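Let me begin by presenting the structure, written as structure tokens, before commenting on it.
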Amino acid sequence: MLDELKSYKEKMQKTIDNLQENFQSIRAGRANPHVLDKIKVDYYGTPTPLQQVGNISVPEARIIVIQPWEKSMIKAIEKAINMSDVGINPTNDGQTIRLVFPELNEERRKDLAKQIKKYGEEAKVSVRNIRRDANDKIKKLEKAGDLTEDDVKDADKDIQKFTDEFIKKIDSMTDSKTKDIMTV
């Protein structure tokens with residue numbers, strides 16, 4: 001039974017990890033190469049992560065420079081960036097692509113804060129669904145006679161404890177990221 005509880009806790013941890021990735025893709029006025037993590041470039045007919053078709057660097061606080069390994073990829077990279085939700089128009093000089101991040105205005109900050117809150121709520125829903133799955137599994141085991149009433153109560157307490165811990169982590173991460181975005 002402990003192994004099964006452990007697997008549900010691991011699933012909840014994966015939800016936290018996924019939330020962290022989502023938060024990294026939200027820009028906070030500074031150039032962060034992680035905003036490009038989810039962008040796929042059409043590399044000879046195959047969707048390929050941007051990091052695999054060029055070198056990405058941050059020479060200044062608000063500029064990301066992408067240097068494609070093949071000059072013929074510049075147009076494909078620009079197209080992929082334009083089609084993504086990064087919200088920045090790339091410029092190129094024939095050799096490299098530059099992304100200049102403007103200062104965030106108040107309206108954009110509020111939009112990003114809403115996005116952060118949405119990601120946080122999605123993560124909470126995911127954790128609660130995992131809790132529901134775990135509780136269903138326990139009930140099935142009880143009906144089958146594999147668990148005693150005391151075992152069921154203990155397992156329910158453990159699952160609720162995990163759930164509370166992860167919800168608290170999600171709230172903390174969401175508050176921290178929102179504060180980061182709203183800081184001018």
*Looking at this structure, is residue 10 farther than 30 Å from residue 162 by Cα and either among the polar types (S, T, N, Q) or open to solvent by 20 Å² or more (accessible area, probe 1.4 Å) (or both)?*
no
_Residues satisfying the stated conditions in the range 56-83, i.e. without any contact (Cβ under 8 Å) to a residue 24 or more places away in the chain, surrounded by fewer than 17 Cβ atoms within 10 Å (Cβ to Cβ) and in contact with a Gly (Cβ under 9 Å, 6 or more places away or on another chain)_ = 69, 70
_Unique residue being among the basic types (Lys, Arg), part of a helix (DSSP H, G or I) and either under 29 Å from residue 42 (Cα atoms) or over 22 Å from the mean Cα position of the chain (by Cα) (or both) when the list is 161, 168_ = 161
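Among what's in the range 168-184 and is under 13 Å from residue 117 (Cβ atoms) and of a type in the set (S, T, N, Q), pick the residue that is most open to solvent (accessible area, probe 1.4 Å).
The qualifying residue most open to solvent (accessible area, probe 1.4 Å) is 176.
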_Looking only at residues that are in a helix (DSSP H, G or I) and polar (S, T, N, Q) in the range 58-83, which one is nearest to residue 35 (Cα to Cα)?_
82
_Going by what's in this entry, would residue 3 be described as under 20 Å from residue 85 (Cα atoms), acidic (Asp, Glu) and over 20 Å from the mean Cα position of the chain (by Cα)?_
no
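State all residues of the range 116-149 that are outside any helix (DSSP H, G or I) and crowded, with 17+ Cβ neighbours inside 10 Å; if no residue qualifies, say none.
Once the filter is applied, which keeps residues that are outside any helix (DSSP H, G or I) and crowded, with 17+ Cβ neighbours inside 10 Å, the range 116-149 yields only 147.
Which of the residues spanning the range 125-176 are of a type outside the set (Ser, Thr, Tyr) and under 17 Å from residue 23 (Cβ atoms)?
Of everything in the range 125-176, those that are of a type outside the set (Ser, Thr, Tyr) and under 17 Å from residue 23 (Cβ atoms) turn out to be 125, 127, 166, 167, 168, 169, 170, 171, 173, 175.
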*Quick check: is even one residue across the range 89-105 basic (Lys, Arg), over 30 Å from residue 154 (Cα atoms) and open to solvent by 90 Å² or more (accessible area, probe 1.4 Å)?*
yes
_If I filter the range 84-100 for residues that are free of Cβ contacts under 8 Å to residues at least 24 places away in the same chain, part of a strand (DSSP E or B) and not aliphatic (A, V, I, L, M), do I get at least one hit?_
yes
_Of everything in the range 39-55, what is surrounded by 15 or more Cβ atoms within 10 Å (Cβ to Cβ), assigned to a strand (DSSP E or B) and of a type outside the set (S, T, N, Q)? Give them in sequence order._
40, 41, 42, 43, 54
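The values are calculated or read from the model by the stated rules, or taken from the named source; none is laboratory data. Here the structure is a predicted model, which is why all the values come from computation and not from measurement. Using ideal geometry, Cβ is built from the backbone for each residue, glycine included, and neighbour counts are taken over all protein chains shown. Keep in mind that these areas ignore ligands, DNA and RNA; they rest on the heavy atoms of the full protein, side chains included. Shrake-Rupley method; radii C 1.70, N 1.55, O 1.52, S 1.80 Å.
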